[in-house]
Amino acid sequence: MNKLEMLYAKLVFRLNTERRMAICRKLASLLRNDFTLMDALGRLEMIESKNGKKPNEPFAIVMRQWQKNLERGMSFSDATRGWVPPNETLLVTSGNISNLVLALENVGRVVDGTQRISRAMRGAIMYPLFLLALTFGIILMVGIYLVPPLADVAGDNIVWRGSARSLIALSDFSIAYWPWIVGVFIGVVLIGWISLANWSGRIRAMFDKLPPWSVYKIHMGVGWMMALSAMVGSGVTIPDAMRMLADNANKYLRSILESALHFIANGDNLGVALNKTQREFPDADIVGDLTIYADMNGFDKNLSQVANDYLAESVRKMESISNVMNSAGILFVSLIIAWVVLGTFQMQDQITAALS
């Protein structure tokens with residue numbers, strides 16, 4: 001097996017989340033039925049390779065490689081590192097403290113939750129972004145290709161009025177500056193996209209109340225809550241779980257978690273620490289719940305329930321935001337089209353009047 005086959009197998013395994021989770025569930029089931037880890041991986045390798053007939057199938061290669069890593073004395077988390085996304089490796093690492101079956105079940109639960117919120121986030125961001133791009137496209141096409149021929153027919157002596165006048169101004173501006181308009185639009189979109197994961201601090205906290213940053217905050221909050229509840233349920237302490245999550249987080253989330261860790265180190269419980277960061281992360285209600293539950297018995301079960309409730313509520317909230325933004329986008333596009341149609345009719349009427 002060459003390096004290219006290994007690279008391809010790793011890429012396919014990481015990208016095919018649905019099949020990866022199926023492997024995770026099967027592995028947990030085999031371990032629950034008293035198979036050893038090596039035997040379970042061997043059974044899965046036989047299934048994926050069609051009883052050895054297709055040994056170069058990507059998922060079969062992955063199972064064999066995990067077995068080889070375990071034979072070298074690696075832990076399961078180290079054996080799978082690089083083959084699965086970092087957040088999944090992190091959850092399996094936490095499972096070593098308790099048991100691997102629970103850790104694998106947690107992986108499935110967390111990935112399912114993050115997929116649900118990711119789908120909702122894409123719906124809330126991508127379609128409004130498409131409508132915004134469509135609006136800019138309509139404006140540029142009208143200004144560059146529709147208005148100039150009509151203006152040429154009218155000549156230079158006509159005095160435009162009403163919507164026709166605004167279309168002429170749009171045309172002059174579009175022809176002169178369209179490269180800048182396109183460049184600025186693309187630049188703003190790119191900067192906004194990059195800022196989602198890399199911008200932190202108090203100013204970001206204010207922008208977290210506005211789309212698309214508010215949508216991203218919900219997405220990150222759900223992922224963090226699901227992962228934290230899984231790790232705490234596996235026996236990891238709150239400070240250790242927060243530290244591991246912070247070490248594997250992007251700049252935005254890491255800044256929040258490290259700030260909360262500072263207050264936890266000073267003796268505050270999780271909810272109080274999050275409240276003192278003044279970031280309202282994941283949101284004010286959840287922070288209030290965590291403040292209450294953190295000092296109660298059975299915090300791991302309460303945290304799991306809070307995480308599941310927050311996931312369901314966040315999906316509903318994301319869908320609501322998406323509906324509002326989509327409706328606003330459609331209305332905006334409709335107004336632009338109506339303005340263009342009205343302006344075009346007025347140009348035709350004024351041209352006819354001038355020529356007659």
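At-a-glance table
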item: log₁₀ of I(q)/I(0) at q = 0.12, 0.18, 0.20, 0.21 Å⁻¹ - segment 201-356, Debye sum with one point per alpha carbon; result: -0.58, -1.07, -1.26, -1.36
item: Test item: Cα-centred dipole of segment 171-282, Lys/Arg +1 and Asp/Glu -1 on Cβ, debye; result: 120 debye
item: Segment 3-84: equivalent-ellipsoid semi-axes (sqrt of 5 x gyration tensor eigenvalues, Cα, Å); result: 18, 15, 13
item: Segment 120-195 versus segment 41-102: alpha-carbon centroid distance in Å; result: 52 Å
item: Most fluctuating residue given options Ala176, Ala120, Ala164, as computed from a GNM of the chain linking Cα atoms under 10 Å; result: Ala176
item: Label selected from [x] 1.05; [y] 2.00; [z] 1.36, the criterion being Cα Rg over 2.2 N^0.38 Å as computed here; result: [z]
item: Using alpha-carbon coordinates, inclination of helix 17-32 to the longest axis of the chain, degrees; result: 20 degrees
item: For the chain, built as a Gaussian network whose Cα springs stay under 10 Å, the top-fluctuating residue of Val111, Val340, Val232; result: Val340
item: Sequence-distant aspartates and glutamates (8 or more away, or on other chains) whose Cα lies within less than 14 Å of Lys54; result: Glu5, Glu45
item: Nearest-ten-degree value, helix 213-233 long axis tilted from longest Cα axis of the chain; result: 10 degrees
item: Potential extension, Met6-Lys209 segment - 0.36 nm per residue separation minus Cα distance; result: 68.7 nm
item: The chain: most fluctuating residue of Ser214, Ser49, Ser77 per GNM, C-alpha cutoff 10 Å; result: Ser49
item: Relative contact order, percent, segment 86-356 [alpha-carbon distance under 8 Å, six or more residues apart]; result: 31 percent
item: C-alpha long axis of helix 162-198 to longest principal axis of the chain, angle in °; result: 10 degrees
item: Charge dipole (debye, nearest 20) of segment 6-125; +1 at Cβ of Lys and Arg, -1 at Cβ of Asp and Glu; result: 400 debye
item: Residue range of the chain that is longest and free of trypsin sites (Lys or Arg not before Pro) which are both DSSP loop and sparsely packed (at most 12 other C-beta within 10 Å); result: 210-356
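We did not get these values from a lab; they are worked out from the coordinates using the rules stated. Quick caveat: nothing in here was measured; it's all calculated off a predicted structure. Positions of Cβ are generated from backbone atoms using ideal geometry, with glycine treated the same way; all protein chains shown enter the neighbour counts.
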